[in-house]
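Following: one structure in structure tokens, then a few remarks.
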Amino acid sequence: MMMTKKTDELFAPFGSLAVRNGELIIGGCGANDLAKKYGTPLYVFDVDRAVSTAAAYIGILEKEYPDFTVCYASKAFCCTGIYSFLAPLGVGADVVSGGELYTALKGGMPADRIYFHGNNKTESEISYAIDAGVECFVIDSEREIELIAKHTKKPQNVLVRVNPGVEAHTHRFIQTTTPDSKFGFSIADGSAARIVKSLQNYKNIKFVGLSCHIGSQIFELEPFEIAIEKTTDFILELNRSGIDVKRLDLGGGFGIHYLKGDLPLTPEKYMAHTAKCLKSAVERKHINPPRLVVEPGRSIVGEAGVTLYTVGAIKTIKDVKTYAAVDGGMFENPRVAMYDAEYTAVVADRVNAERTHKYSIAGKCCESGDVLIEGIMLPELHAGDILAVPSTGAYHYSMASNYNRNAVPPVVAVRNGSSAYMVKPQTYEDIVRNDVIPVFSEDKQ
Ligand code: LLP
């Protein structure tokens, strides 16, 4: 008899995934079948999981703070397919480069729902975004104000990115509002006020609000609470100088499960708390309620992704450790090397088997540091086993590279037992496509 049950508590990061007769099931598809059909390494993306999380953000805000915009943070996972699933929900997009903007538009995201972020937008990105008709820019440098003014004809909406000085408890590389951050203008030292006031001098720039993003993979509510207090204090200060603030963009940063012990909150909890704090601040400070913009990235797509690998070389170093090497590595998951990120894994067709052996799961790149998981207990591994690593939907495909000229793995979308490419596999030909053997001509230059 086929038994389908939810993964147990041991696999909390696997969230809504199921196990059928010991095999991991993602979006109704067997992990081993997917590996056989598409090869490995393979990014598998559970579409309904991402769509239902995005819908949860919308559902709770409709109830708790009806003047809102949910902008999906493209950097977490950017390919045309993701917008085709999220845009119909009414979600907008945060983009930080011309490439992300191009992808979002190609994927069907309306330009008038796109927020263009970035601490160093180039002139060509700015003119492209203006021509495309993006909803707004989030200003993060004085230089870009000049560039926007130079290129736009009609008044262009802008937000100003502020640094309210909140230290979120997360890896220092993904904190963004420490005093030495390259992002935003400090509220404390008066730069933010100076920039906002300077915008009043431009006829073709329309200041509509403030933006702040305090960091990523945050589990606590307190840093968000402090950010709301500090930004609304600043709104009050601007109001006193006669400047209206119509939108408050609080960024993303909502944490997800990677390991059993991780305790992220649900979108409902994060948003209900945000709405409550913002409503309270607005009332206490007698300011006009701004439109609330949130930019979840990781929390929409992170747990929707699972990476499948094939185990290859297994090497025991006597009295030290046993490496089990997989066909992926830092080229498709740089997060371990960059942020000491931690992951769990299961053998895809023996999910519930007893975990009797300890392994370090190595990648295949020529770097000693290319180890994806240190010291994980698993059933005994053999070459050819399919290993599944959960919570790889965010900042994996989007941060992948061709290091060592490994191909970026394809992304396969799964839904109700069907699968289809969302990003096709790269071939060796693709890898050399832009390579040119230089031929120097006689004329200089
Ligand atoms: N809004 C802004 C302005 C951001 O800078 C970011 C992320 C987000 C929204 C989305 O944050 P999320 O909801 O995904 O936490 N590569 C790192 C994460 C870098 C996040 C950068 N900014 C990682 O792999 O953990």
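Here is how the numbers come out for the structure above:
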quantity	calculated
Test result for Gly312, within 14 Å of Pro390 (Cα to Cα), in contact (Cβ under 8 Å) with a residue 40 or more places away in the chain and either surrounded by fewer than 22 Cβ atoms within 10 Å (Cβ to Cβ) or touching a helix residue (DSSP H, G or I) at 6+ places or on another chain (Cβ under 9 Å) (or both)	no
Matching option when the condition is surrounded by fewer than 18 Cβ atoms within 10 Å (Cβ to Cβ) and closer than 21 Å to Ser391 by Cα, among Asp48, Asp131	Asp48
Candidate set: the stretch 241-275, residues that are among the basic types (Lys, Arg) and in contact with a Gly (Cβ under 8 Å, 6 or more places away or on another chain); chosen: the one farthest from Ile139 (Cα to Cα)	Lys246
Hits in the stretch 238-262 (condition: assigned to a loop (DSSP other than H, G, I, E, B), of a type in the set (A, V, I, L, M, F, W, C) and more than 16 Å from the ligand (Cβ to nearest atom))	Ile243, Val245
Meets criteria (acidic (Asp, Glu), crowded, with 18+ Cβ neighbours inside 10 Å and closer than 30 Å to Val389 by Cβ) for Glu303	yes
Near pairs, Cβ below 6 angstrom, 6+ apart or cross-chain, from the stretch 271-296 (crowded, with 16+ Cβ neighbours inside 10 Å) to any residue that is assigned to a loop (DSSP other than H, G, I, E, B) and among the aromatic types (Phe, Trp, Tyr)	Ala275/Tyr65; Leu292/Tyr65
Test result for Ala111, out of contact with any strand residue (DSSP E or B) (no Cβ under 9 Å at 6 or more places or on another chain) and under 23 Å from Arg291 (Cα atoms)	yes
Search result, residues across the stretch 370-400 that are within 21 Å of Gly27 (Cα to Cα), more than 16 Å from the ligand (Cβ to nearest atom) and of a type in the set (Gly, Ala, Ser)	Ala388
Asp340 vs. criteria loosely packed, with under 14 Cβ neighbours inside 10 Å and free of Cβ contacts under 8 Å to residues at least 24 places away in the same chain	no
Any hit, the stretch 43-64, residues being touching a Phe, Trp or Tyr at 6+ places or on another chain (Cβ under 6 Å) and hydroxyl-bearing (Ser, Thr, Tyr)	yes
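Only the coordinates and a few stated rules stand behind these numbers; no lab work does. None of these values were measured; they are calculated from a predicted model. Using ideal geometry, Cβ is built from the backbone for each residue, glycine included, and neighbour counts are taken over all protein chains shown.
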